[in-house]
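Worksheet: one structure, shown below.
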Amino acid sequence: MTFNDTFLKACLKQEVDHTPVWYMRQAGRYQSEYREIRKKYSLLEICKIPELCAEVTILPVQQLGVDAAILFSDIMVPLGPMGVKYDIIENRGPVLETPYRTAEDIASLRALEPEEDLPYVLETIKILARELKVPLIGFTGAPFTLASYIVEGGPSRNYIRTKQLMYSHPEVWTSLMDKLADMIITYLRAQVDAGAKAVQIFDSWVGALSAQDYTKYVYPTMQRIFTELKDLPAPKIYFGVASGELLPLWSEYDTEVIGLDWRVTIPEGRKRVGEKFAIQGNLDPGTLLAPWPVLEEKAKQIIDQGLEKPGFVFNLGHGIFPEVPGDMLRRLTEFIHEYSASVIKNR
Ligand SMILES: Cc1c2[nH]c(c1CCC(=O)O)Cc1[nH]c(c(CCC(=O)O)c1C)Cc1[nH]c(c(CCC(=O)O)c1C)Cc1[nH]c(c(C)c1CCC(=O)O)C2
């Protein structure tokens, strides 16, 4: 089988013969095989065994026929070596031993050295780069989203401690954002050096901020990340949830792809963020529990809208829920490939 680079072409707004698709959380609890593995190993244990971690990454590619693999890991993984003590609790998410809230707490975070600190991640990527016939997507959390876990000490609804730090001690906030940006730049470079062909920066919780606060407290850090990664030989995807109001602020970023959730349509997203980017998205993951005709109709609409301009990658607006039947995802993937190929061929 030859290498399928359709996903990379779409990221770069090049011509494709079908719309490429992958799914956030395509490896996870909706798969019986994954649940079996999780009976023996914790999520973090899986990440530390390269052969197993590569297997977990490859499984959904084989089962679903998607056009890209995403490294199996978690946004918390690089924070461990920086000094953050945490665990990932099932049905809850990452929880810290103690939150980081003072200048001293944040000063204690050390710089990440990927080769020394996370050899197992890089080894996993090397295995995957050899074995996969589709591109591997590496990833990291974005500074705001990572900061929210570090400052709150766990998942949060309102991010009040994060905002409290941001508003009360802007210089401490900036030092945290700077340290996270340094980590992100180093970590993504190491992932690409090891064989990742694209990277996604997950800013899952940044939609908690107003455009004004994003501009003041997050924009300069994101801007620096994209500027410093300008020469990265891999397309970058910046993704946020409920970030519709922030899209106009992203128009100058030096990135290739913007990931949308389902709250904003693709044409509206393109209008807000500008014509420069390829777009990834944006099926509501809740639709995966709908009857097939409903799902098909929504997928069709997204493909029609996505194909209006060059540069479109089909994805969900956020991760797959554990309740989703795997068969639904396989059928959806086939439909996306066939329907998009016919639209492209007939124009
Ligand atoms: C916010 C965030 C986290 N982790 C991640 C994000 C950004 C993406 C997003 O917004 O969903 C990123 C992530 N986490 C995981 C992956 C790789 C797998 C993939 O996408 O296929 C990726 C890309 C594995 C995981 N990370 C986690 C799981 C859940 C399954 C398990 O416990 O084995 C997986 C497959 C745990 C986790 N880790 C985190 C959360 C919120 C949870 C869910 C808690 C739960 O529902 O149990 C933090």
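With viscosity 1.306 mPa s and temperature 10 °C, the Kirkwood radius over alpha carbon pairs of segment 226-283 converts through Stokes-Einstein to a diffusion coefficient of 139 µm²/s. For segment 6-345, the fraction of alpha-carbon pairs lying more than 28 Å apart is 39 percent, rounded to a whole number.
In a reduced charge model with +1 at each Lys and Arg Cβ and -1 at each Asp and Glu Cβ, the chain shows a dipole moment near 520 debye about its Cα centre. Close amide-amide hydrogen proximity is noted between TYR86 and GLU97, each under 5 Å apart and 5 or more residues distant or on a separate chain (H modeled in the peptide plane; Pro and chain starts excluded).
Based on alpha-carbon atoms only, what is the radius of gyration of segment 1-160 relative to the globular estimate 2.2 N^0.38 Å?
Against the compact-globule rule of thumb, the ratio is 1.15.
Computed per residue of the chain from DSSP H runs no shorter than four, each worth -39500 (n - 2.57), the mean residue ellipticity at 222 nm is -14000 deg cm²/dmol. If you model segment 165-258 as an ellipsoid using its alpha carbon gyration tensor, with each semi-axis the square root of five times an eigenvalue, the axes come out at 23, 16, 11 Å, biggest first. Backbone geometry of segment 72-85 corresponds, through the Karplus equation with coefficients 6.51, -1.76 and 1.60 at θ = phi - 60°, to 3J(HN,Hα) couplings of 7, 6, 9, 4, 7, 3, x, 6, x, x, 6, x, 7, 9 Hz, x marking Gly and Pro. Across the options GLY311, VAL294, THR221, the greatest Cα extent toward the positive end of the charge dipole of segment 216-325 (unit charges at beta carbon of Lys, Arg, Asp, Glu) belongs to THR221. Backbone geometry of segment 270-281 corresponds, through the Karplus equation with coefficients 6.51, -1.76 and 1.60 at θ = phi - 60°, to 3J(HN,Hα) couplings of 4, 5, 6, 8, x, 7, 5, 9, 6, 10, 10, x Hz, x marking Gly and Pro.
Quick check on the exposure proxy: order LYS13, LYS197, LYS133, LYS230 from fewest to most C-beta atoms within 10 angstrom.
Arranged by neighbour count, lowest to highest, LYS13, LYS197, LYS133, LYS230 become LYS230, LYS133, LYS13, LYS197.
Normalised by 2.2 N^0.38 Å, where N is the number of residues, the alpha-carbon radius of gyration of segment 273-325 equals 1.23. Here the scattering of segment 14-107 is modelled by Debye summation over its C-alpha atoms, one equal scatterer each and no solvent; at q = 0.11, 0.20 Å⁻¹ the log10 of I(q)/I(0) is -0.43, -1.01.
Within the shell defined by Cβ-Cβ distances under 14 Å, the residues around GLU308 carry a net charge of +3, with Lys and Arg each +1 and Asp and Glu each -1. In terms of its Cα atoms, segment 212-347 spans 44, 36, 27 Å along the principal axes, sorted from long to short.
Across segment 326-334, coupling constants 3J(HN,Hα) worked out from phi with the 6.51/-1.76/1.60 Karplus curve, θ = phi - 60°, read x, 4, 4, 5, 5, 5, 4, 4, 4 Hz, and Gly and Pro carry x. The long axis of helix 292-306 is offset from the longest Cα principal axis of the chain by roughly 80 degrees.
Going by Cα centres, segment 155-222 and segment 48-100 are how many Å apart? What the calculation gives is 19 Å, centre to centre. Each residue in ILE302, ILE185, ILE49 was given a count of other beta-carbon atoms within 10 angstrom of its own, and listing them fewest first yields ILE49, ILE185, ILE302.
By the beta-carbon count within 10 Å of each Cβ, the least crowded to most crowded order of ILE58, ILE184, fewest first, is ILE58, ILE184.
Every read-out reported here was derived from the displayed coordinates using simple, explicitly stated rules and does not represent laboratory data. This one's a predicted model, so the numbers in the text were calculated from it and none came from an experiment. Backbone-built Cβ (ideal geometry, glycine too); neighbour counts: all protein chains shown.
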